[in-house]
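To start, the structure under review is shown below, and the notes come after it.
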Amino acid sequence: MKLGDPTAKMDGRLSLNPMRHLDPIGALCLLLFRFGWAKPVPINPGYFKNPRRDMAIVSLAGAAGNIFTAFVCAQFIKFFPALFQTYAAQQFILIMIYMNVGLAAFNLLPIPPLDGSRVLYVMLPYKYMHIYYTLEKYGMFVIVALMILGVIPVLMSPIMNLILNIIL
């Protein structure tokens, strides 16, 4: 679905080349702390015909892609079980499913800068948007604190279970 924003294309980000999406600090953190990130996809809502609705659609697209990938992997197990006779093959496909479902669940959390927060943002009445903007400044600190406290897995579990129950 095209919503009219050429920003990613103009930035050369419509590419399967992983180097185009690599964030040096995110990659370093991945090596050091086993948690990292890629460059965010550049979006300019000014190009959207309906900015609030279209921002929600764009924000849900990443999670939808992860869920679709997990679903396709689950279908491979269902329709081609002979491919997964070895332990290594079983582990590979299960890791693909759980990683994609986990990424979808994490990104759907309504904490800035995650995509779930953008979906929440477009549903907020205008009078509460100042709260979102204030929280947005501290979102990464909130995420790190919740990770250290072990809260993120607790928040992700119901989302992951729901997705897994649907696709498996």
>> Stokes-Einstein diffusion coefficient for the stretch 102-161 at 25 °C in a medium of 0.890 mPa s, Rh from the Kirkwood formula over Cα pairs: what value in µm²/s?
In response: 206
> What is the magnitude of the charge dipole of the chain about its Cα centre, with +1 placed on the Cβ of each Lys and Arg, -1 on the Cβ of each Asp and Glu, and no other charges, expressed in debye to the nearest 20?
Replying inline: 280
>> Once the convex hull of the alpha carbons of the stretch 17-168 is built, what does its volume come to per residue, in cubic angstrom?
In response: 159
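Only counting other Cβ atoms within 10 Å, I'd like Asp115, Asp54, Asp11 sorted with the fewest neighbours first.
On the way: Asp115 23, Asp54 19, Asp11 13.
In order of increasing Cβ crowding within 10 Å: Asp11, Asp54, Asp115.
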> Using the Karplus equation 6.51 cos²θ - 1.76 cosθ + 1.60 (θ = phi - 60°), what ³J(HN,Hα) coupling, rounded to whole Hz, does each residue of the stretch 42-47 give in order, writing x for Gly and Pro?
Replying inline: x, 10, 10, x, x, 7
> What angle do you read, to the nearest 10 degrees and between 0 and 90, between the alpha-carbon axis of helix 87-108 and the longest principal axis of the chain?
Replying inline: 20
> Can you list the residues, at least 5 places off or on another chain, whose amide H is less than 5 Å from the amide H of Ala38, using H built in the peptide plane?
Replying inline: none
>> With just the Cα atoms defining each centre, how far is the stretch 10-41 from the stretch 107-168? Give it in Å.
In response: 21
>> Give me the extension gain from Phe141 to Asn50: residue separation times 0.36 nm, minus the current Cα-Cα distance, reported in nm with one decimal.
In response: 29.7 nm
> Rounded to the nearest 0.05, what FRET efficiency do His21 and Met123 have when you use their Cβ-Cβ distance and R0 = 25 Å?
Replying inline: 0.30
> Taking other Cβ within 10 Å of each residue's Cβ, how do Ser117, Ser157, Ser59 sort, fewest first?
Replying inline: Ser157, Ser117, Ser59
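Where in the chain lies the longest segment free of trypsin sites (Lys or Arg not before Pro) that are both loop residues by DSSP (not H, G, I, E, B) and have at most 10 other Cβ atoms within 10 Å?
That gives 50-168 as the longest site-free run.
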> Once amide H atoms are placed 1.01 Å from N in the peptide plane, what residues at a sequence separation of 5 or more from Leu109, or on another chain, have their amide H within under 5 Å of its amide H?
Replying inline: Gly116
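Here, each number is a calculation from the coordinates, and none is a lab measurement. Note that the coordinates shown come from a computational prediction; the quantities given were computed from them, not determined experimentally. Glycine gets a Cβ as well: all are built from the backbone with ideal geometry, and neighbour counts include every protein chain shown.
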